[in-house]
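Please find one structure pasted underneath; my questions will follow.
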Amino acid sequence: MRENAALRPACALARVRRRTRARGLAIWYAVVMSDEHEQQASDDGERVAFTHFAFTDETQYNVGPVRGLGMVSAPAGEVAALAAELGALSGSSGVGELKWEKVRSAKGRYAAEQALRWALERACEGRLRVDTLTWGADVARHDQQPLPHRARLEHMYRRLLGEILPRCWPAGSRFAVHPDEQGALRWQMLARGLTQIVALEPRRSVAEPLIQLADLFVGLAAFSRQAYATYDRWLALTHAHAAQTELSASDRVRCRLLDDFFLECKLRGLGVSLRTNAGLRTYDAARPVCFWWAETH
């Protein structure tokens, strides 16, 4: 197709902005790491600086039958390159910010598919980890009544950061955590007592590709549980080559994404289950991509 001449300046400007944004992320993280290394050198040998970054986001913590948290973590020395790579990839997809909420059309599905495949590749290379923690709205602790929404979210965050994150990386690791901005949470109180967390600073997801990736993974994880019956129906219709008009357009798009993602996990031997428990779930904590269920964790 011949490109409209009137669109060339705008397209070129968009490409420049995407490249500049990706370079900006890489420069920002490089400066952070440079400052951190200087801090280490001035601490008389006492290692207090962080060794890893973790980026987190939550999905529908106060609505719906399934809630969740997503986390992308990586060694500090890898984060600049990872952020730049993913930023460039999402920029080229033309959807702007990567979000599960945008997976409602073929364009949104394509952007999500590219990002998910990229993440699986990087995880298999050992450059990052992805962990999600999902729970039912009625989950309770030790046979008690379910906690209020915000208190339960704080409790799950402490499990994610205090129990799951430390077991993902070598003993003695220290983490700088960047959650998506969430005004309902008292971040400093939440981090109290988590000695492995040496920095916790919320950031806007629009400027953090790895927070966006966490959003995408936890959205998919929650959907796989909440809408498994829909996925099962989509699968039956697909295998029968039957019309899928009884399903909404967004459900068809999301079901296909879930199916493709599950197949990709199987091909890579990641030990991810889907049909056995009616939702994405991982049993082996050593895997680089883990779908945790709070009810059984």
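What does the convex hull of the Cα atoms of segment 147-219 come to per residue, in Å³, rounded to a whole number?
So the per-residue hull volume is 103 Å³.
If we count other beta carbons within 10 Å of each Cβ, what is the order of W293, W100, fewest first?
W293, W100
Still on this structure, I have one more. So what are the three principal axis dimensions of segment 96-206 from its Cα atoms, in whole Å, longest to shortest?
43, 35, 27
How high is the FRET efficiency between W118 and Y283 when r is their beta carbon distance and R₀ equals 22 Å, given to the nearest 0.05?
0.35
Ok, one more. Based only on the alpha carbon positions, what is the Kirkwood hydrodynamic radius of segment 148-286, in angstrom?
Averaging 1/r across every pair of different Cα atoms and inverting gives 17.5 Å.
Can you tell me the dipole magnitude for segment 145-257 around its Cα centre, using point charges on the Cβ only (Lys, Arg +1; Asp, Glu -1), in Debye to the nearest 20?
It comes to approximately 280 debye.
Another question, then. Cut-off is 10 Å between beta-carbons; in what order do M189, M156, M71 appear when sorted fewest neighbours first?
Listing M189, M156, M71 from fewest to most nearby Cβ atoms yields M189, M156, M71.
Bear in mind these aren't lab numbers, they're just calculated from the coordinates by the rules spelled out. These figures come from a predicted structure and were not determined experimentally. When we count neighbours, we look across all protein chains shown, and the Cβ atoms used for this are built from the backbone with ideal geometry, even at glycine.
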